[in-house]
Every structure is written in C-alpha cells, then in structure tokens.
Amino acid sequence: MFGSKKRAVLFKGKDYPVEVQDFKKPRLVKDQVLIRMHHAALNHRDLWVVQEQAQHFPEGIVLGSDGCGVIEDVGEDADPMLVGAEVVINPSLEWGDNPIVQGDKFRILGFPDNGTFSDYLAISKKYIFEKPEHLTSEESAAVPLSGLTAYRALFSKARLRSKEKVLITGIGGGAALWVLQFAVAYQARVYVTSGSDEKIEKAKALGAIGGFNYKDPEWHTKAQKETGGFDIIIDSAGGDQFGKLIELALPGGRIVNFGRTAGNITEVATRLLYWKQLSIHGTTMGTRDEFLSMLDFIEGRKIKPVIDKVFPLEQINEAFQRLENKEQFGKIVLKIGK
C-alpha cells in the first residue's frame, strides 16, 4: 500500500503541470500528529488555486483540504494514545477568537499549508476529530470543507427554522448537496436550481420538492409562481443571476453566498433589498465549534455524503477535469491508501 517512496500532488504554479511526485515523509513538531491518508476529496478551491495562483513555488505545495486517515505517529506534546485512531481533519486553520468572522491568521488547509493529497499529512492535533462511526473512510473524506461551509451557511448565518422554504442554487456540488441534506433533515421545504434536469431529478430523490433549470430565461418567474418565494436562499454561484434571487426572496428573507462559480455579482435591485428588509450574508468555512456541531448533526441523523466518483491519486488531473467540466453530482474523492 505504501512503498518506500511517499507520494503527493504538488502544485508549483499555474505554468507547471499538477502531478503526483515523490515527497518526503513529514517530520513532526510539538503538538502535531502524522496521519497516513486513506482518502481525500476535491473542492472548487483546489481548482481555483491551480488556475489563479500566479506565484511560482519551487518546492511545490501539496494541495487538498479534505481527508480521512489513520494517525501513525505523534509529536512530543500529543497523546501517544492517539496512534491508530481513524480521523477526519478540520481544514479551517487559525480561525481566531471572533465567531462572526475569521482573523488575520486564518488559512485553509491545502494552500499555503501542505494539504491532504498525499500519503502523509502532519497537522496540529487540534484539527483532528474522530471519524463518524456510520461513515466509511471514503465518505468521511467528503465531509470537512463543504460540510462545514454548508452548516455555517444554513444554521449560523441563515438561521434555518423548521418548515421554512429554502432555495439552493447550483445543486450538484459538494457544499450545495450538504445544504440540501441538512435542510431536508431539519424538515425544511427545499427547492434547487441547476443547469441539468438530470441533477434536479437526483436532488428530488434526496428530498427536494422541486427544481428549476437556470438555463431557462424564465426560470425565476416559474419559481415565483410555483413557490411564492423563499425564506432562505443559499447561493454558491454569484454572477448575473444573483439579482433574480433578490426578487425571489420573501420579505424578511435571508440570502447566503459562499461561492463565485458564475463570477462576480453584477446587479442588485436596491429598492427590493431594503423594502423587503432582506439580509445578505457572505460566509467562508467556519469555527471549531461549528465543525463539531456539524459532525454531531451528521452522526445524530446518520447522514451520508453523496459521492460522485472515486479516482486513484495518480488520476488527479482526470478528477480536476471532471470538476472543471461541472460533470459531478456529489463529491469527487481520491483514493490514496487502504
């Protein structure tokens, strides 16, 4: 399973190919633990790092924010009893003391810190959590970044209440699907948008009441007619469709955005914003407490992530291509060991 050579997906700059290369086994310091990675999962963030970072990194940076593995060794300030534990990793590093917003030292695992697309990861013990019992290693790897993002967006920001109407844009991505599963588990009435009728049907199978194809120029009019509007809208796209979300929000509605897959927001109907007394929230990742609450929510309701496809680590570029082409419905997972 693990030969003498250790592997990692290294990013050296956008003019260099992303590829699996030999990588030295990390040395532990202080409170760190050494995790032998079994599975990792892709996020759009990994793709954006590859496409947008202009700087050159001669030694390379290991990509990847999500992962699950087994603790193989511990540093001098970590409990030796942790060895052998199967864990998931919280990729939200150095959040800070303010739960409302991350501090200046905040980072996301996988850039600039070495991440999970590797045989081994060294990380502080404060970022490891016991793997949910009802999930496999493959499933657990699909939880951290998107699960945390979805949980904070839906509960901390939008403050979902049972029976409220929720619209989730761009269903198919990992975070959007977590929002769907969390909202359904909380007895919300959920609708989705997608550019794929097939993905809308798959969302219905997961508990969505209905969906709208955003490639239809009149989708928002149809949504308004069918639903009457939404209490909560969770958006990961931004772009020129965002103004339609303002129209669809009910008075007192909450709109939460955590992504830009469709680019920057171009227009907001200001009068509707203040007349309907809407709240627009931006959110990124989440706190340690939210990560724990998210894991408790998943375990308590035995929720399992939607896995799109599993690739071996060596096929990282094929995995990236699937993500870039928006072909996925669920999380794209990398098999590293086990």
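The values are calculated or read from the model by the stated rules, or taken from the named source; none is laboratory data. Please read these numbers as outputs of a predicted model, since none were measured by experiment. Cβ: placed from backbone, ideal geometry, glycine included. Neighbour counts: every protein chain shown. When the accessible area is computed, the model is the full protein with side chains, heavy atoms only, and any ligands, DNA or RNA have been set aside. Shrake-Rupley method; radii C 1.70, N 1.55, O 1.52, S 1.80 Å.
For the reader, a short list of remarks on this structure follows.
- Across the chain, C-alpha contacts under 8 Å between residues 6 or more apart give a mean separation that, scaled by the residue count, equals a relative contact order of 19 percent.
- If R0 is taken as 35 Å, the Cβ-Cβ distance between ASP216 and LEU272 corresponds to a FRET efficiency of 0.95.
- Working from the Cα coordinates of the range 1-107, the gyration tensor eigenvalues give, after taking √(5λ), semi-axes of 25, 21, 13 Å in decreasing order.
- ILE307 long-range amide H proximity, modeled H, under 5 Å: LYS331
- Relative contact order, percent, the range 247-338 [alpha-carbon distance under 8 Å, six or more residues apart]: 24
- Largest-first principal axis extents, alpha carbons of the range 216-329, Å: 52, 34, 26
- Across the options HIS134, GLN32, GLN51, the greatest Cα extent toward the positive end of the charge dipole of the chain (unit charges at beta carbon of Lys, Arg, Asp, Glu) belongs to HIS134.
- Proximity of backbone amide H atoms, modeled 1.01 Å from N, is registered between VAL74 and LEU34 at under 5 Å, excluding neighbours fewer than 5 places apart on the same chain.
- Integer Hz, Karplus 6.51/-1.76/1.60 couplings in order for the range 114-125, x for Gly and Pro: 4, x, 9, 7, 7, 4, 9, 9, 9, 8, 4, 4
- The range 193-338 - percent of accessible surface contributed by carbon and sulfur, probe 1.4 Å: 48
- Sequence ranges 176-184, 121-129, 202-210, ranked by mean other-Cβ count within 10 angstrom, highest first: 176-184, 121-129, 202-210
- Cα-based shape type of the range 28-161, given that a ≥ b ≥ c are square roots of the gyration tensor eigenvalues and the cut on a/c is 1.5: rounded
- The chain: antiparallel DSSP beta bridges as a percent of all, rounded to 5: 55
- Between the C-alpha center of the range 215-285 and that of the range 24-73 there is a gap of 34 Å.
- Highest-first arrangement of 280-289, 33-42, where packing means the average Cβ count within 10 Å: 33-42, 280-289
- Distant-in-sequence amide H partners of VAL18 (H built 1.01 Å from N, under 5 Å): none
- Heavy-atom surface of the range 195-244, accessible at 1.4 Å and reported per residue (Å²): 48
- Using only side-chain charges placed at the Cβ, +1 for Lys and Arg and -1 for Asp and Glu, the dipole size of the chain relative to its Cα centre rounds to 660 debye.
- nm² value of the averaged projected area, convex hull over the Cα atoms of the chain: 17.0
- On a per residue basis, the convex hull of the C-alpha atoms belonging to the range 89-137 measures out at 106 Å³.
- Compactness of the range 133-220, taken as the C-alpha radius of gyration over 2.2 N^0.38 Å, stands at 1.10.
- Theoretical ellipticity at 222 nm over the chain - DSSP helices of four or more residues, -39500 (n - 2.57) apiece, nearest 500: -7000 deg cm²/dmol
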